[in-house]
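So the structure is just underneath, and the comments pick up after that.
The values are calculated or read from the model by the stated rules, or taken from the named source; none is laboratory data. These figures come from a predicted structure and were not determined experimentally. Positions of Cβ are generated from backbone atoms using ideal geometry, with glycine treated the same way; all protein chains shown enter the neighbour counts. Protein only, heavy atoms only, side chains kept; ligands, DNA and RNA dropped before computing areas. Shrake-Rupley method; radii C 1.70, N 1.55, O 1.52, S 1.80 Å.
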Amino acid sequence: MKKTTYTKKKKDKDIKVPKGKKNSKIKLEKTSELKKKYKKGTIGQKLLIILMLFLILCLTLGIVFVLYIIIASPDFNTSNLYKKEASVFLDVNGNEWARLGTENRETVTYDELPQVLVDAIVAT
């Protein structure tokens, strides 16, 4: 049977270890090298990762907030657009007695608009 070996670098020295044998010292060296490998990184890189995670968190929270607003909003009803008209009180004869409301408006159709007003709006 042919024993295979692999080469492990240890501080620029080659160590040949038989495949079947376990050496705890080499395992400790491997793990310490791996830890050193993953610990490498500048403070700038670590800050960049933290900043990116923060931005991803903010983006996720923003999307959740927008979805909540969309889901929780009431249905759009066009008849609610014209409820700011003032209430008109009439006397016994049908004459206007008083107006009560926040805004004094009257709903008009397109045909009731003066032609001069329509031309002025179109010109702008």
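Observations on the structure shown:
- Of all residues in the stretch 98-120, exactly one satisfies the criterion of being touching a Ser or Thr at 6+ places or on another chain (Cβ under 7 Å) and outside any strand (DSSP E or B), namely G101.
- Subset of the stretch 70-94 [at pLDDT 90 or above and either more than 30 Å from R105 (Cβ to Cβ) or in a helix (DSSP H, G or I) (or both)]: I70, I71, A72
- Here the stretch 29-69 is the region considered, the condition is being polar (S, T, N, Q) and open to solvent by less than 100 Å² (accessible area, probe 1.4 Å), and the residue that is modelled with the highest pLDDT is T60.
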